[in-house]
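Written below as structure tokens is the structure these notes are about.
The values are calculated or read from the model by the stated rules, or taken from the named source; none is laboratory data. Since the model is a prediction, treat every value here as computed from it, not as a measurement. In this analysis, Cβ positions are derived from the backbone assuming ideal geometry, glycine residues included, and neighbour counts consider all displayed protein chains.
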Amino acid sequence: MSQSLTARAVPLPGRIGLGWRLIPVRHLRRFATAAVLILAWQAGSMLGFIPTRTVAAPSAILTSMITLLGSGELQQNLLVSLGRVGIGLGIGVAIGTGAALIAGLSRIGEEALDAPLQMIRTMPHLALVPLFILWFGIGETPKIALVALGAIFPIYLNLYSGIRGVDPKLVEAARTLGLSRAGLIRHVILPGALPAALVGLRYAVGVAWLSLVVGEQINADSGIGYMMMNAREFLRTDIIMVGLVVYALLGLGTDQLVRSIERAALVWRPSVIGGRA
């Protein structure tokens, strides 16, 4: 009995024990470089090598973040930004998915949609902000439209490529078994294209946040970007850096969310199973 208890108390190789929890060493290594850079940044600011007027010190950024959290300003602007990116991303994913299904599953659909979408894709969508303001005014619509437009093409390109990249042998085998076209799409083509679609979703999330950064700094009265623009007027580099940190954490968090969905949806893939082990 005592031997079994002792064996349980010993951390596994390659892990650091904290009470009953075990933290893999590889997780700590991922943050080691970032921690060193932050410490060097703080030291440079304290020694005067990095002017605080140009880039605020990490300690000042942390203090400003705590102050903004205490006043509720950061939470309020954060909710506004999350709402904008959520609506815009949802619209973009829906349009991109629909267009990819039409173009990927139908030769006529490809001929009708692919060329116009490729032409629009080559235009820098962030440069369309003045046009969106003329079309939609200065309210929420142009900001959401900018996010949606940026999210469409990663979804469309990756899902379209995934559909067209399904193994022809699987398609032929399904037809041999007597699957109808609807059954072929449902049981073979769409599951085969799912990995590519999720990669497109990860790209779309990143582009959505990038589009929001630009959209919220033009004719906005709320949101993280608006908070940063206000800080610029008063030369508050600490608050500007707080906004950048929040954007970075939001991007990282949403990407991790999509990766969690990917692990759950693609559990049958050997690479995913191997990654878990």
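Checking each residue in segment 230-258 for being within 19 Å of Ala208 (Cα to Cα) and over 16 Å from the mean Cα position of the chain (by Cα) picks out only Gly243.
Considering each residue of segment 103-113, count those that are surrounded by fewer than 17 Cβ atoms within 10 Å (Cβ to Cβ) and part of a helix (DSSP H, G or I), and give that number. Even if it seems obvious, please write down each step before you answer.
Initially, segment 103-113 is screened for residues surrounded by fewer than 17 Cβ atoms within 10 Å (Cβ to Cβ), giving 106-112.
With part of a helix (DSSP H, G or I) added as a condition, the list becomes 107-112.
The qualifying residues number 6.
Say we look at segment 220-244 and pick out the residues that are more than 15 Å from Gly83 (Cβ to Cβ) and not in a helix (DSSP H, G or I); which of these is modelled with the highest pLDDT? Ranking the candidates gives Arg236 first. Check whether at least one residue in segment 75-89 is exposed (fewer than 15 other Cβ atoms within 10 Å of the Cβ), in contact with a helix residue (DSSP H, G or I) (Cβ under 8 Å, 6 or more places away or on another chain) and at pLDDT 85 or above, and report yes or no. Yes - at least one qualifying residue is present in segment 75-89. Residues of segment 107-141 that are of a type in the set (Gly, Ala, Ser) and under 30 Å from Arg164 (Cα atoms): Gly109, Ala112, Ala115. In segment 171-205, the residue that is surrounded by the most Cβ atoms within 10 Å (Cβ to Cβ) out of those that are touching a residue at least 12 places away in the same chain (Cβ under 8 Å) and more than 32 Å from the chain's Cα centre (by Cα) is Ala174. Scanning segment 62-74 for residues that are among the aliphatic types (A, V, I, L, M) and touching a helix residue (DSSP H, G or I) at 6+ places or on another chain (Cβ under 8 Å) returns Met65, Leu68, Leu69, Leu74. A Cβ distance below 6 Å, combined with a sequence gap of six or more or placement on separate chains, defines the contacts here; from segment 118-129, residues that are in the same structural domain as Ala148 (by TED's automatic domain parsing) reach residues that are surrounded by 10 or more Cβ atoms within 10 Å (Cβ to Cβ) in the pairs Arg121/Phe153; His125/Leu149; His125/Gly150; Leu126/Val214; Val129/Ile218.
When residues in segment 253-277 are screened for being among the aliphatic types (A, V, I, L, M) and either exposed (fewer than 12 other Cβ atoms within 10 Å of the Cβ) or modelled with pLDDT of 85 or more (or both), 6 of them pass. Of the residues making up segment 141-170, just one is touching a residue at least 40 places away in the same chain (Cβ under 8 Å) and surrounded by fewer than 18 Cβ atoms within 10 Å (Cβ to Cβ), namely Arg164.
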